[in-house]
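The structure appears below as C-alpha cells.
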Amino acid sequence: MCRNIKMLFNFDPPVTECEIRAASVQFVRKISGFAKPSKANETAFDAAVSEIAAASARLLGAMETNAPHRNREEEMAKAKARGEARFG
C-alpha cells in the first residue's frame, strides 16, 4: 500500500473532508499508476477519487471503537521517528 496514505480513523479532532480526499487521490494514483492523468483519463480519474472519498467517509462515519482518540501530533512524531530509524 502507498506509504502516503495515512490512517484516518479515531482522531481528535475528527478527520476532515480534505484529508479523506487527499488519501483518495493517493489511492487512485497508486492503483492507476499515474500521478496526474492525461486529459483523456482525467474525468475517470476524478470520478474514481470522488467515489473512493465518499465510500471512505461512509466507512469512517460508521465505524465505532472504545479506544481513546489518537493525537495527531503524537502520531506524526511516531512516524517521524520511524522514518529517521529507517532512513537515518
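The values are calculated or read from the model by the stated rules, or taken from the named source; none is laboratory data. Every value quoted in this text rests on a predicted model; they were computed, and no experiment measured them. Every residue, glycine among them, receives a Cβ derived from its backbone with ideal geometry; neighbour counts consider all protein chains shown.
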Taking the stretch 70-88 as the region of interest, how many residues are surrounded by 10 or more Cβ atoms within 10 Å (Cβ to Cβ) and not aliphatic (A, V, I, L, M)? 8
Checking residue 67 against (1) loosely packed, with under 13 Cβ neighbours inside 10 Å; (2) outside any loop (DSSP other than H, G, I, E, B), only one condition comes out false. Which one? (2)
Please pick out the residue among 55, 44 that is in a helix (DSSP H, G or I), surrounded by 11 or more Cβ atoms within 10 Å (Cβ to Cβ), within 18 Å of the chain's Cα centre (by Cα) and aliphatic (A, V, I, L, M). 55
Take the stretch 1-18 and flag every residue that is farther than 17 Å from residue 63 by Cα and modelled with pLDDT of 90 or more. 18
If we ask which residues in the stretch 28-45 are farther than 14 Å from residue 5 by Cβ and of a type in the set (Lys, Arg), their number turns out to be 2
Which of the residues spanning the stretch 2-37 are farther than 26 Å from residue 68 by Cβ, outside any loop (DSSP other than H, G, I, E, B) and under 13 Å from the mean Cα position of the chain (by Cα)? 21, 24, 25, 26, 27, 28, 29, 30
